[in-house]
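Dumping the structure here so I can ask a few things about it.
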There are 2 protein chains.
Amino acid sequence: MHSMVSGEKSGQAEASTPKVAARGRRGRPRSFDRATALEKALMAFWEHGYEATSVSDLTRVMDIGAPSLYAAFGDKRSLFEEVVQEYGVRYGSFGGRALAEEPTARAGVERMLREAAVEYTAPGRPHGCLVIHAAANCSTAEVEESLRERRNGNIAAIEDRIDADVVAGVLPPDTDAAALARHTGAMIQGMSQQARDGASRVELEALAEIALAVWPRV
Amino acid sequence: MHSMVSGEKSGQAEASTPKVAARGRRGRPRSFDRATALEKALMAFWEHGYEATSVSDLTRVMDIGAPSLYAAFGDKRSLFEEVVQEYGVRYGSFGGRALAEEPTARAGVERMLREAAVEYTAPGRPHGCLVIHAAANCSTAEVEESLRERRNGNIAAIEDRIDADVVAGVLPPDTDAAALARHTGAMIQGMSQQARDGASRVELEALAEIALAVWPRV
DNA sequence: GCATTTTCCTAGTGGTCGCTACAGAAAAGA
DNA sequence: TCTTTTCTGTAGCGACCACTAGGAAAATGC
C-alpha cells in the first residue's frame with residue numbers, strides 16, 4: 001500500500017550533507033533529517049501516547065508535511081513501532097544493561113531501580129517510561145498488545161537473571177524468582193506512574209531503596 | 001449550556017416503576033434506568049479509558065440515544081466525572097476502608113494491598129484501577145489532572161495514617177512516613193498495571209506479601 | 001378533552017481524524 | 001539539454017468525533 005523504498009531503516013545518513021548530493025541516489029533529496037524527525041516523533045509519542053498524538057501533531061513537531069511523513073516512515077502505526085524501537089535503544093536500555101553488567105541479580109536490580117529513578121525524572125524530556133504509558137487506553141489492540149509483550153518480556157528477563165543466581169547458589173534455593181521479578185517490574189511501573197504524577201528523582205530513589213529491602217540478605 | 005434539571009443526582013428511583021407514573025413529575029418519563037445506564041458507562045470508561053470511549057460507544061452500551069445521554073448526564077466529561085465518583089463508592093473504597101477500620105497503619109496497608117489483589121482481578125469486570133488508568137494519555141488536561149489529584153490524595157491519606165501511628169508510638173519515630181506511603185501507592189499502581197497486563201489474583205497476592213516485608217517489624 | 005412538560009428519535013452540525021491524489025520542484029543520469 | 005526519479009506542498013478524501021435542533025411521543029395538571 002505504501003511505496004516504501006527499501007533500505008530506509010539502514011539510515012545511511014543520506015541527509016547529513018543536504019546539498020552535496022547523496023551519491024548513487026536519484027531524484028530530489030529529502031529536505032529534512034530523518035533521525036531528527038524521528039526523535040521529535042519519539043518525544044511527542046512519549047509525552048502524549050500513541051492515540052493522543054495525531055498525525056497533524058506529528059507533522060508540526062517534525063516540521064514536515066504529511067506526505068513526507070508517510071513517504072519516510074509509512075503510516076502512523078509503523079512510525080510508532082520505529083519510535084518504540086528507537087526508544088529501546090536510546091532510553092530504555094538501562095535495565096537490560098544493569099542485568100547484563102552487574103555480577104549478581106540483586107546488584108542488577110539495585111542498579112536498575114536506582115537508574116530508573118534518574119531516567120524517569122530526567123529534565124528536558126517526558127517523565128516516566130514510554131513503554132509503560134504510551135499505549136494505555138489504545139483502541140488499536142495490536143499496539144497495546146505490542147507494548148504489553150515488551151513489558152512482560154522485561155519481567156521475564158529479570159526472572160531469568162534471578163534464576164541463574166539461584167542455580168549458581170548466589171541466592172537461596174527457595175527463592176521465588178517469578179514473584180521477585182514481578183515485584184521488580186511492578187516497582188518500576190509504579191515508579192514510572194509516580195514520575196508522571198510529579199514525584200522527584202529523590203523521591204523515586206527513596207522508593208528504590210525501600211523496594212530493595214525485600215531481597216534476601218546477602 | 002445544558003438544561004440540567006435539578007435533583008437528578010438525588011436518584012430518587014424515578015424509573016424503578018416505569019409505567020406506574022412517578023408521582024409529582026410531569027412530562028414523559030425516562031425510558032431507561034439512570035443508575036443502570038451509569039453503571040454501563042462506568043464499565044466502558046473503566047475498560048477503555050476516557051478518550052478511547054466515544055459517545056457512540058457509550059450510547060451503544062447504555063442502550064440509549066445520544067440526546068437522552070446528554071439530557072440525563074450532561075456532556076461526556078460530566079458523565080465521566082460522575083462515573084469516577086460512582087467508581088469511588090462502588091469499587092474504589094476498599095483502601096480508605098482498610099485504613100479507617102484496621103487498628104494500625106501497617107494492618108491497614110496490609111489489608112489494602114491484599115484486597116487490591118482481589119479487586120484488580122475480579123472476574124466479570126475490567127482489571128486494574130479506573131483512577132490509575134482511565135485518564136492516561138488524555139488530551140483533556142483537566143480530566144488527567146483530576147485523576148492525578150485523586151491518586152496523590154490517596155497517597156497523602158496513607159501518609160497521614162502512618163504519621164498518626166508514629167505519633168502514637170506504634171511505629172518508630174524515625175519512620176519516613178512519606179516514603180512509606182509513596183511506596184504503598186507505587187505498589188498499588190504497579191499491581192494495577194500488572195493486573196492489566198494479565199497477572200492473576202494469586203500473583204498479585206504474592207506481590208502484596210513481598211511489598212509488606214519492607215515495613216518495620218512489629 | 002386540552003394544554004403543559006419532559007423525553008425520545010431522526011438527522012444532522014462543524015471539526016478533526018488518518019491518509020492520499022496530484023502537480024510542481026529538485027536532484028541524477030543520458 | 002532532456003528524461004527519469006524522488007520529494008514537497010496543496011488540497012481534499014471519507015470516517016468518525018462530540019454534540020444538538022426539531023418534532024413526535026408520553027406522561028401530568030386542569
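The values are calculated or read from the model by the stated rules, or taken from the named source; none is laboratory data. Because the structure is predicted, anything quoted here is derived from the model rather than measured. All Cβ positions, even for glycine, are placed from backbone atoms using ideal geometry, and neighbour counts span all protein chains on display.
Of all residues in segment B:47-63, count the ones that are in a helix (DSSP H, G or I) and away from DNA strand D (no atom under 11 Å from the Cβ).
Going through segment B:47-63 one residue at a time, the tally reaches 3.
Can you give me the number of residues within segment A:159-207 that are of a type outside the set (A, V, I, L, M, F, W, C) and more than 17 Å from B:ILE132 (Cβ to Cβ)?
18
Another one. Which condition breaks for A:GLY169 when tested against (1) without any contact (Cβ under 8 Å) to a residue 60 or more places away in the chain; (2) assigned to a helix (DSSP H, G or I)?
It fails just one condition, (2).
Quick check on my filter: what residues within segment A:108-153 are acidic (Asp, Glu) and surrounded by fewer than 21 Cβ atoms within 10 Å (Cβ to Cβ)?
Within segment A:108-153, A:GLU110, A:GLU115, A:GLU142, A:GLU144, A:GLU145, A:GLU149 meet the criteria.
Can you name every residue in segment A:203-218 that is free of Cβ contacts under 8 Å to residues at least 12 places away in the same chain and more than 7 Å from chain B (Cβ to nearest Cβ)?
The answer is A:GLU209, A:ARG217.
In the list A:ALA44, A:ALA98, which residue meets the criterion of being away from DNA strand D (no atom under 15 Å from the Cβ) and assigned by TED's automatic domain parsing to the domain that holds A:CYS138?
Exactly one residue qualifies, and that residue is A:ALA98.
Looking for something closer than 28 Å to B:PRO126 by Cα, within 10 Å of chain A (Cβ to nearest Cβ) and of a type in the set (S, T, N, Q) - is there at least one such residue anywhere in segment B:149-168?
yes
Could you list all residues from segment A:150-165 that are touching an Asp or Glu at 6+ places or on another chain (Cβ under 9 Å) and either among the small types (Gly, Ala, Ser) or closer than 23 Å to A:ALA44 by Cβ (or both)?
Once the filter is applied, which keeps residues that are touching an Asp or Glu at 6+ places or on another chain (Cβ under 9 Å) and either among the small types (Gly, Ala, Ser) or closer than 23 Å to A:ALA44 by Cβ (or both), segment A:150-165 yields only A:ARG151.
Something else: Within segment A:78-102, which residues are of a type in the set (A, V, I, L, M, F, W, C), under 11 Å from the mean Cα position of the chain (by Cα) and more than 16 Å from DNA strand C (Cβ to nearest atom)?
Matches in segment A:78-102: A:VAL89, A:PHE94.
Among the residues of segment A:64-88, count how many are in a helix (DSSP H, G or I) and farther than 16 Å from A:MET43 by Cβ.
Count: 9.
When the residues of segment A:38-77 are narrowed to those that are aromatic (Phe, Trp, Tyr) and near DNA strand C (Cβ under 10 Å from one of its atoms), which ends up nearest to B:ALA135 (Cα to Cα)?
Ranking the candidates gives A:TYR50 first.
Just checking, does segment B:177-193 include any residue being touching a His at 6+ places or on another chain (Cβ under 6 Å), of a type outside the set (A, V, I, L, M), at the interface with another protein chain (Cβ under 10 Å from one of its Cβ atoms) and part of a helix (DSSP H, G or I)?
Looking for residues that are touching a His at 6+ places or on another chain (Cβ under 6 Å), of a type outside the set (A, V, I, L, M), at the interface with another protein chain (Cβ under 10 Å from one of its Cβ atoms) and part of a helix (DSSP H, G or I), one finds none in segment B:177-193, hence no.
Going residue by residue through segment B:64-72, is there one that turns out to be surrounded by fewer than 17 Cβ atoms within 10 Å (Cβ to Cβ) and more than 10 Å from DNA strand D (Cβ to nearest atom)?
no
Okay, moving on. Being within 13 Å of another protein chain (Cβ to nearest Cβ), within 16 Å of DNA strand C (Cβ to nearest atom) and not aliphatic (A, V, I, L, M) is the requirement here; does B:SER146 meet it?
No.
Write out, first by first residue and then by second, each pair whose Cβ atoms fall under 7 Å of each other, whose residues are 6+ apart or on separate chains, and whose first residue, in segment A:100-115, is under 16 Å from A:VAL166 (Cβ atoms) while the second is modelled with pLDDT under 95.
A:ARG106/A:TRP215; A:ARG106/A:VAL218
How many residues does segment A:194-218 contain that are in contact with a Pro (Cβ under 7 Å, 6 or more places away or on another chain) and assigned to a helix (DSSP H, G or I)?
Count: 0.
Answer yes or no as to whether B:ARG125 is out of contact with any Gly (no Cβ under 7 Å at 6 or more places or on another chain), outside any helix (DSSP H, G or I), modelled with pLDDT of 95 or more and of a type outside the set (A, V, I, L, M, F, W, C).
yes
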